[in-house]
Amino acid sequence: MYTTYDNPLAARYASKEMLENFSAQKKFSTWRRLWIALAEAQKELGLNISDHQLEQMKKFQNDINFDVASQKEKEFRHDVMAHIHAYGDQCPDARPIIHLGATSAYVGDNTDIILMREGLKIIQVKLVNCMKALTQFALEYADMPTLSFTHFQPAQLSTVGKRACLWLQDLLLDLKDLQHLITVMPLRGVKGTTGTQASFLELFDGDHSKVVELDKKIAEKMGFTSTFPVTGQTYPRKLDAKVLAVLSGIAQSAHKFSNDIRLLQHLREIEEPFGEKQIGSSAMAYKKNPMRSERIGSLARMVIITSLNPAVTASQQWFERTLDDSANRRITIPEAFLAVDAILLLYINIIKGLKVYPTVINKHVMNELPFMATENILMEAVKKGGDRQELHEKIRKYSITASNRVKEGKDNNLLELIAGDADFNLSKENLEQMMNPMNFTGRSAHQVKDFISQYVQPALSLYDDIGNVSPNLKV
């Protein structure tokens with residue numbers, strides 16, 4: 001157990017359900033489902049296949065004799081033929097009709113598409129759960145003023161909830177891409193050795209309509225509404241690129257969120273969950289490092305880079321097929337799914353356990369608010385008879401003085417400087433009355449409520465029956 005490499009995505013990060021989706025059991029039982037569907041459809045279209053043969057195949061659909069298949073693959077150096085023989089050993093009466101007219105890509109490619117679509121549905125559940133948790137957070141803090149930043153420099157005031165809507169909007173875009181892909185994904189279907197369906201045309205004595213119907217029946221039996229209209233031996237590898245592009249999009253959104261949380265935790269405004277016995281540093285016992293957010297970023301970068309692999313693979317295919325895609329796809333596609341699965345578990349875990357520190361947030365707001373209020377102060381002073389140009393120059397000088405003071409670790413004294421200047425004709429009390437942060441957040445709170453009611457909730461309403469995900473982490 002401890003003497004061979006163990007993929008961390010399986011051992012440390014991904015969920016049981018995603019690991020099961022890309023397991024050998026799921027893969028090879030799906031191969032057998034496809035062989036059964038092929039035999040059923042061929043029987044329905046008139047080929048001499050008995051109910052007994054089908055019953056025998058169904059009996060062993062999930063009972064994979066892995067040891068036999070493994071031995072056969074060592075002999076044949078061909079995984080599909082190994083499993084055909086292994087399956088045939090279990091159901092000898094059906095052996096003559098297993099894989100009839102098909103090529104390896106019939107089970108290999110169709111299974112890959114099926115597993116990817118199932119994987120996307122698992123991702124969809126977690127993405128919806130993540131969005132629901134983020135929606136609650138955004139509404140809870142819709143009205144809480146906070147500093148917004150450009151270039152990580154204080155800009156204007158926003159609200160904590162409004163910032164959360166930026167994260168939420170990214171996920172909404174991802175959800176729409178995911179929905180579309182799940183809906184339109186076609187099965188490869190039954191296309192024969194190089195996509196010409198010649199073998200099936202031969203089986204049906206030149207009846208083109210039966211070959212077309214066979215393709216439709218397979219799609220229906222496997223839960224798909226369509227197949228690729230034309231293929232080579234394999235389905236177009238551009239589909240893999242499209243799938244991983246969607247996964248990459250989710251990774252991008254999560255990475256942006258995790259960066260923001262790490263910066264906010266540095267500011268001590270918001271903090272990701274930290275376990276009662278969690279240790280932040282082996283040396284610095286006081287530390288509370290944002291390790292969950294950092295893990296999101298780490299895994300997300302892997303997904304973003306991995307998404308380039310199927311794009312390159314799609315571009316490198318030769319004619320109707322070449323095998324230099326196989327080893328690459330066995331690694332990159334499952335690992336991208338496992339990583340995004342782990343990323344969303346982390347995302348949900350963080351959102352549900354976020355700690356917000358209003359006092360610190362308000363302190364940072366009030367330190368910067370006098371600068372942001374200077375335009376309002378200027379307008380009020382002009383109303384009281386002041387000269388706009390002269391007062392503007394004074395505010396500029398006072399702001400520099402106050403800014404330098406803040407950089408020395410002292411309080412912002414801009415209001416005192418302005419109150420002490422008779423030309424402004426404003427008392428300290430007048431100025432403090434103007435310092436209500438809510439007067440400077442614009443439409444932030446309204447944007448939160450409008451965005452969620454008009455865009456997020458209608459999108460999430462399609463998933464009212466989706467169960468809750470428990471975001472417990474392995475480590």
- Task: Looking at (1) out of contact with any helix residue (DSSP H, G or I) (no Cβ under 8 Å at 6 or more places or on another chain); (2) not in a helix (DSSP H, G or I), find the lone condition where G101 falls short.
- Result: (1)
- Out of the residues in region 449-475 that are of a type in the set (S, T, Y) and in contact (Cβ under 8 Å) with a residue 24 or more places away in the chain, state the one that is nearest to A164 (Cα to Cα). Y455
- Item | Subset tally (residues that are over 13 Å from Q252 (Cα atoms) and touching a helix residue (DSSP H, G or I) at 6+ places or on another chain (Cβ under 8 Å)) for region 294-319 | 9
- Residues located in region 430-474, provided they are over 21 Å from M144 (Cβ atoms), aliphatic (A, V, I, L, M) and part of a helix (DSSP H, G or I): L431, A459, L460, L462
- Residue list for region 165-183, restricted to those being in contact (Cβ under 8 Å) with a residue 24 or more places away in the chain and β-branched (V, I, T): I182
- State whether one or more residues within region 126-144 are more than 25 Å from the chain's Cα centre (by Cα) and at negative phi. yes
- Enumerate the helices (runs of 4 or more DSSP H) found wholly within region 318-403, keeping only those where 1 or more residues are touching a residue at least 40 places away in the same chain (Cβ under 8 Å) and under 25 Å from L19 (Cα atoms). 326-353
- Which one of the conditions (1) within 30 Å of P145 (Cβ to Cβ); (2) surrounded by 18 or more Cβ atoms within 10 Å (Cβ to Cβ) does A241 fail to meet, given that it meets all the rest? (1)
- Any residue in region 86-101 that's under 28 Å from T194 (Cα atoms): show its pairings with residues that are assigned to a loop (DSSP other than H, G, I, E, B) and at pLDDT below 95 at Cβ separation under 8 Å, as long as the two are six or more apart or on different chains. G101/G192
- Task: Would you point out which residue out of T111, T135 is β-branched (V, I, T), surrounded by fewer than 24 Cβ atoms within 10 Å (Cβ to Cβ), in contact with a helix residue (DSSP H, G or I) (Cβ under 8 Å, 6 or more places away or on another chain) and closer than 23 Å to S470 by Cβ?
- Result: T135
- Query: Of all residues in region 154-164, which are farther than 19 Å from F257 by Cβ and either within 29 Å of the chain's Cα centre (by Cα) or in contact (Cβ under 8 Å) with a residue 12 or more places away in the chain (or both)?
  - Reply: P154, Q156, L157
- Pairs under 7 Å by beta carbon, first residue surrounded by fewer than 22 Cβ atoms within 10 Å (Cβ to Cβ) in region 185-207, partner acidic (D, E), six or more apart or different chains? T194/E320; G195/E320
- Task: Would you mind telling me which numbered condition in (1) free of Cβ contacts under 8 Å to residues at least 40 places away in the same chain; (2) within 25 Å of T103 (Cβ to Cβ); (3) more than 25 Å from the chain's Cα centre (by Cα); (4) surrounded by 12 or more Cβ atoms within 10 Å (Cβ to Cβ) Q42 fails?
- Result: (1)
- Task: Would you check which residues across region 166-219 are of a type in the set (V, I, T), in a helix (DSSP H, G or I) and out of contact with any helix residue (DSSP H, G or I) (no Cβ under 8 Å at 6 or more places or on another chain) and list them?
- Result: T183, V184, V212
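The values are calculated or read from the model by the stated rules, or taken from the named source; none is laboratory data. Everything quoted here is computed from the prediction, not taken from an experiment. All Cβ positions, glycine included, derive from the backbone under ideal geometry; neighbour counts span all protein chains shown.
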